[in-house]
Amino acid sequence: MKLLNDWLGFFKPLQVKNLQIFWSGQACALIGMWLQVTAMGILVYSISGGSATAVGLLAALNALPFFLGGMLLAGLGDRFDRRKLLIIVQSVQWLVAAVLFLLTFVDALQLWHLYAAGLVMGINQTVGFPTQQAFVGDLIPRKQLQEAVGMYSLVFNTCRAVGPALAGYIIAEWGAATAFGGNVLASLPLIGCLVSLKGRISEAAAPKKQRGSGRKVSGLKAVLSTRSLLFIMLSALIQNICGQSLYQIVPALMHGNPRNTGLILGAVGAGAMVSILLVMPFARKSDRVGAKLSSGTLWMGSALCVAGIVNVVEVQALCFFFAGLATSTLFVTSSSAVQLLAPPERKSAILGLFSIVTIGVQPLAAMGWGAVVDSLGVQATIIMAGGLEALFSIWMLSVPFWRNFRFTPDDCPEGA
């Protein structure tokens, strides 16, 4: 009975009406996003003549805004109404999808169009991702934040399981224009849901307007001066450089095959979804954050090594499924800890830095791994990436402070 209560307790945020509204729109938008991202990767690989480096370059252009202005742009969520900001972000996403659909439909799409779209999407995500995370915190009591982040990850990874697999089928049967058109339609419900949330968010949750010039520096200083935040960021950095960045060059790893691309990306999403449903409800009870994070990255790195050794797509899909099992636990644990440890007046800025070491580094690392694929081949690249992640995880577990680091929501100030 206790296990059942622990499991059911993890899903309490689903009872919050505001989150129901937000997540219903978010689910549609995320499926559409995966349709578009998968189609863009396959098209770049095809148009470039099968270059893994070209696929990595698309991912790198998507990441540039995170590095050039990550914390500054993310800090907009500390200065302006987050709901209105997210409406603007989603409207831009819709516009990009509409342009790609039209260009593909009239057979006028060129490689530079895809690169330009990737760059615009990167700017948009630099603002949108940390703002969404902070916005979820506005909609939920602080003590339920980890569960709320878990539910957000469940929505995200359910869509990651469905979206790429659906995209692979749609592109194989009806072409990339249909995938882009699907995103045009799927982007609209979230805008409507955000509009409907007007007046439903308390004034206490509204961000206070501040001067922005010093926040980028102060947000970085807050991380560098807080040992626990610094180690969480390092753990996330290695996970995303050596682990999750490989997800972005799956079209190249699968040699442009849309069905295999959808199978591998769908397996990652399925693993992450299973993790949320069956692992996180019980793993959240452990307050040993350091050991939990580094054990997760060790698990992911080991799974990727096996995927590199066994060159059978079905076995590789199973290995990526096991890697996906770690993905959600790592994201939920690190993201919720960062939000709770961050000073409230710098939350969006620090989440912006978290976005840099998670979403931001993935595409740049993907470009590097794409070049390695072109030089050494797929199998050697996967083994190298997984091996580095596993070795770094072992080193972090050898650090006594990190191995024994414990944290719960009650350990931070009420205002955080």
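The values are calculated or read from the model by the stated rules, or taken from the named source; none is laboratory data. Just so it is clear, the structure is predicted and the values come from calculations on it, not from any experiment. When we count neighbours, we look across all protein chains shown, and the Cβ atoms used for this are built from the backbone with ideal geometry, even at glycine.
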Tally, over segment 257-289, of residues that are under 16 Å from residue 312 (Cα atoms) and outside any helix (DSSP H, G or I): 1
Only one of 298, 330, 318 that is assigned to a helix (DSSP H, G or I) and modelled with pLDDT under 90: 330
Some residue of segment 32-40 being in contact (Cβ under 8 Å) with a residue 24 or more places away in the chain, of a type in the set (Ser, Thr, Tyr) and outside any helix (DSSP H, G or I): no
Sole exception among (1) within 28 Å of residue 288 (Cα to Cα); (2) modelled with pLDDT of 90 or more for residue 178, by number: (1)
Qualifying residue in segment 266-284 (condition: among the β-branched types (Val, Ile, Thr), surrounded by fewer than 24 Cβ atoms within 10 Å (Cβ to Cβ) and farther than 21 Å from residue 42 by Cα): yes
Cβ pairs under 9 Å, 6+ apart, first in segment 367-396 and of a type in the set (Gly, Ala, Ser), second outside any helix (DSSP H, G or I) and buried (at least 23 other Cβ atoms within 10 Å of the Cβ): 385/243; 386/243
Of the criteria (1) closer than 30 Å to residue 277 by Cβ; (2) crowded, with 20+ Cβ neighbours inside 10 Å; (3) at pLDDT 80 or above, which one residue 185 fails: (2)
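Matching residues to (1) of a type in the set (Val, Ile, Thr); (2) buried (at least 16 other Cβ atoms within 10 Å of the Cβ); (3) closer than 30 Å to residue 307 by Cα; (4) at pLDDT below 75:
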| site | (1), (2), (3), (4) |
| --- | --- |
| 189 | no, yes, no, no |
| 200 | no, no, no, yes |
| 204 | no, no, no, yes |
| 227 | no, no, no, no |
| 241 | yes, yes, yes, no |
| 246 | no, yes, yes, no |
| 258 | no, yes, yes, no |
| 261 | yes, yes, yes, no |
Count of segment 299-325 residues which are in contact with an Asp or Glu (Cβ under 8 Å, 6 or more places away or on another chain) and within 25 Å of residue 400 (Cα to Cα): 2
Residue in segment 120-142 that is in a loop (DSSP other than H, G, I, E, B) and more than 21 Å from the chain's Cα centre (by Cα) present: yes
Search result, residues across segment 333-380 that are more than 22 Å from the chain's Cα centre (by Cα) and at pLDDT 80 or above: 371, 372, 373, 374, 375, 376, 377, 378, 379, 380
